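Trainee: Below is the structure I would like to discuss, written out as structure tokens.
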Amino acid sequence: MILRLAFASLIARALTVGMTILAIALSVALFLGVEKIRTGAKASFADTISGTDLIVGARSGSVQLLLYSVFRIGNATNNLTWETYQDIASHPDVDWIVPISLGDSHRQFRVMGTTPTFFERYKYRSGKSLVVNDGAIIDDLFDAVIGADVAATLGYSVSDPIVVAHGLASFTEHDDQPFRVSGILEKTGTPVDRTVIIGMRAIEAIHVDWQVQGQSTPADALRQMELEPQAVTAALVGVKGRLKVFGLQRFINEYTQEPLLAILPGVALQELWQIVSIAETALVGVSAMVVITALIGMMATIFSSLNERRREMAIFRAMGARPRVIVGLLVLEAIVMATLGALVGLELLYIGLTIGQPLIDSAFGLWLPIEPPTLREVWVLLVVILAGAIVSMVPALRAYRMSLADGMTVRI
Amino acid sequence: MPDTAKTLQLENVAYSWPGRASFDLQVADLTLASSETVLLLGESGSGKSTLLSLICGTIIAGSGRVSVAGTDIAALSAGQRDRFRAEQIGLIFQQFNLLPFASVQDNILLPLRFAPERRKRLSDPNAEAARLCHDLGLPDGVMSSKAGNLSVGQQQRVAAARALIGMPPLIIADEPTSSLDAATQATFLELLFAQSYAHGTTLLMVSHDARLSSQFDRVINMTDIAQTKRDAL
């Protein structure tokens, strides 16, 4: 009966209680949303590359090399020569090597030159391979395979023409050598989705006439040409055995012909996390403060209701309720509000995720999975409920003192 | 051995409210016999509320003895006093007497939640609550109504049913008719007396309205039994 009366009392104050629950719900949704984005971004980054032992590029920073070679963020300061690439490829510890050539673009999407080996060796999300959803991988010199986002955003389908632009924000297009979409990749949730992939020879082909004003070599002539690359932006390397990774890394880093950098993707990712961890902590801190503010708001609501509820408490006391029953009622009330707030917040989060998932994916390339609450999220909800119970002790103890002082003499 | 013939007995009781605006109350002797109906008359500030708090055990006398149904209240712990109050005393206040958000039934049954012995006296508390409502002239189907939706007169009858349920030996009514019009007042008192007599309950009603005197077995003036002293601020 006491529980029923406590709920009836809450329902009688539905508006203020509802607003308090909404405030807690919004703060919980915000906190969990930030958590989802934080862990989603981390997972998305960590899942982008898998099974690659080393990434090799011109000497710069390890995070910079990781960002431009894998995430297509920023640019390389220099390339490595094709001779150097061949030298590394012939190293006895190298199992496989895939060149990456960046620098051109199509509309807002990066164009990446590589070899067919890329489709075989590039792995993401713990070893998943790229799958061609429609069409086939590169066969002809002017074939292009496009990521799922490129196809969706630009409305491309197999056999559609593609003209590659020189540079990243250039109005100069290689329109004399148009490409053809040969295949569209399945969605991966990685930067590959936003990449146009062409062959290494094709990169050379579109630049054959680049330096010569007015020259336009026919496509068929280009197909017959020996188009050996001059340089590559970076290379993904697989090593024969884990123990040989560090030896090969040292060999590359100490390479005398040109300054190189070989990085372990996992280690570079850790460095990246360290850089962003301050902002990450600040973000979590701000959202935690929002939750604390909402709980303090709940405490203020209970406080402000105490005076108008003195009669209610006096009736309970007159009927024989001990002061601890009064305390218990107020703490229970806070637990109910915090629990409802936490559950509504969770619901809001899932509604937000359902609506925002495709938008966030297309805008930021960040895939936020809609999954049952994690153990950490359950703990967050329990902590919110517990914190609600703790902050309610302040008004509850005040009510305790008031009920002792008032006895049965409150007159309103 | 407890003197159960005396439902209420105060002997040489003295109490001082702590704080700056201190107020002292002394009661030399006040005794109410079983089944007796007593009207306690007193003006505002005469110490009526302090006296009721002493009888209910929410405050404890500095000296003297307050016994309800033969039990010295001061001898009980705070928790025991709360339970004792629930078991032995039915209370009716002036207005705002009920939990307005709760049903009539929950309001009437509330004291039984804290008084297991009082509950044991009833084989079917819900049926007893319904019977009291009927006997007090409340309409059929009122049990499920929200208390806050009833008229003031109906609310006071529900408060009377709440005080009477489980037949506590003592009912204290603190100016229960002050917010009722004359006709409703008369009906309410008539029903309250009928139920008190039927249950053999002692009734102590506090009022400042001397016109009610003729309806009680005995009338006591606060000025005759109590001395008060209020310190200047």
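Trainee: So what J values fall out for the range A:243-258 if you push phi through Karplus, 6.51 cos²θ - 1.76 cosθ + 1.60 with θ = phi - 60°, rounded to Hz, Gly and Pro as x?
Mentor: 5, 8, 4, 6, x, 5, 4, 5, 4, 5, 5, 9, 4, 8, 5, 7
Trainee: Next question, about the same structure. Report, in cubic angstrom per residue, the convex hull volume of the C-alpha atoms of the protein assembly as shown.
Mentor: So the per-residue hull volume is 244 Å³.
Trainee: Oh, and also: To the nearest whole number, what is the average tally of beta carbon atoms from other chains within 10 Å of the beta carbons of peptide B:58-71?
Mentor: 1
Trainee: Also: Can you tell me the orientation of helix B:104-114 relative to chain B, as the angle in degrees between its alpha-carbon axis and the longest Cα principal axis, to the nearest 10?
Mentor: 50 degrees
Trainee: Given a cut-off of under 8 Å on Cα pairs at least six residues apart, what relative contact order in percent is computed for chain B? List each step's numbers first, then the result.
Mentor: Details: 443 pairs, mean separation 73.2, N = 233.
Reported relative contact order: 31 percent.
Trainee: At 222 nm, what value in deg cm²/dmol follows for chain B if DSSP H runs of at least 4 each add -39500 (n - 2.57) and the sum is divided by all its residues, to the nearest 500? List each step's numbers first, then the result.
Mentor: Values: 8 runs with 82 residues, N = 233.
It lands at -10500 deg cm²/dmol.
Trainee: Also, I was wondering about something else. With Cβ to Cβ distances under 12 Å as the rule, what net charge do the other residues near B:Gly47 carry (K, R +1; D, E -1)?
Mentor: +1
Trainee: Further question on the same structure: List the GluC sites (Glu not before Pro) in the range A:187-262 that DSSP assigns to loop (not H, G, I, E or B) and whose Cβ has at most 10 other Cβ atoms within 10 Å. Which are they? If you can, show how the numbers build up before the last one.
Mentor: Numbers: sites: A:Glu204, A:Glu226, A:Glu254; in loops: A:Glu226, A:Glu254.
Sites meeting the loop and neighbour criteria: A:Glu226, A:Glu254.
Trainee: Here is a further query. For helix B:78-88, report the angle its Cα long axis makes with the longest principal axis of the Cα atoms of chain B; keep it between 0 and 90° and round to the nearest 10°.
Mentor: Roughly 50 degrees between the two axes.
Trainee: What's the angle, to the nearest 10 degrees (0 to 90), between helix A:2-12's Cα axis and the longest principal axis of chain A?
Mentor: Approximately 70 degrees, to the nearest ten.
Trainee: Dipole size in debye (nearest 20) for the protein assembly as shown around its Cα centre, Lys and Arg Cβ +1, Asp and Glu Cβ -1? Walk me through the intermediate numbers first.
Mentor: On the way: 52 positive and 60 negative charges, 620 e Å.
Computed charge dipole of the protein assembly as shown: roughly 2980 debye.
Trainee: Report, ordered by chain and residue number, the lysines lying within cross-link reach of B:Lys120, taken as a straight Cα distance under 27 Å and ignoring same-chain residues fewer than 8 apart.
Mentor: Within reach: B:Lys6, B:Lys146.
Trainee: To continue, here is another question. Could you work out the relative contact order of chain A, using alpha carbon pairs under 8 angstrom and six or more residues apart, expressed as a whole percent?
Mentor: Computed value for chain A: 26 percent relative contact order.
Trainee: Describe numerically, in nm with one decimal, the distance between label points set 7 Å from Cα along Cα→Cβ at B:Ser214 and at A:Leu382.
Mentor: Roughly 7.1 nm, to one decimal.
Trainee: Karplus couplings for the range A:264-270 from phi (6.51 cos²θ - 1.76 cosθ + 1.60, θ = phi - 60°), rounded to Hz, Gly and Pro as x?
Mentor: For the range A:264-270, the Karplus curve yields 8, x, x, 5, 5, 5, 4 Hz.
Trainee: Another question, then. DSSP beta bridges in the protein assembly as shown, what fraction antiparallel, as a percent rounded to 5?
Mentor: Of those bridges, close to 65 percent are antiparallel.
Trainee: Which order results if A:His106, B:His134 are arranged by neighbouring Cβ count within 10 Å, fewest first?
Mentor: Exposure proxy ranking, most exposed first: B:His134, A:His106.
Trainee: Still on this structure, I have one more. When only DSSP loop residues count, what chymotrypsin sites (Phe, Trp or Tyr not before Pro) in the range A:194-293 have their Cβ near at most 12 other Cβ atoms within 10 Å? Mind dumping the intermediate values first?
Mentor: Details: sites: A:Trp210, A:Phe246, A:Phe251, A:Tyr255, A:Trp273; in loops: A:Trp210, A:Tyr255.
Those that pass, being in a loop and sparsely packed, are A:Trp210.
Trainee: Quick one: which of A:Lys36/A:Lys187; A:Lys42/A:Lys244; A:Lys42/A:Lys187; A:Lys187/A:Lys244; A:Lys187/A:Lys240 span more than 25 angstrom between C-alpha atoms?
Mentor: The pairs that break the limit, which is 25 Å between Cα atoms, are A:Lys42/A:Lys244; A:Lys187/A:Lys244; A:Lys187/A:Lys240.
Trainee: Still on this model: When N is the residue count of the range B:6-230, what does its C-alpha Rg come to as a fraction of 2.2 N^0.38 Å?
Mentor: The value comes to 0.99.
Trainee: For Cα pairs less than 8 Å apart in space and 6+ apart in sequence, what is the mean separation divided by the residue count of the range A:54-263, i.e. the relative contact order in percent?
Mentor: Here the relative contact order equals 34 percent.
Readers should treat all values here as calculations from the given coordinates under stated rules, not as data from a laboratory. Because the structure is predicted, anything quoted here is derived from the model rather than measured. Cβ: placed from backbone, ideal geometry, glycine included. Neighbour counts: every protein chain shown.
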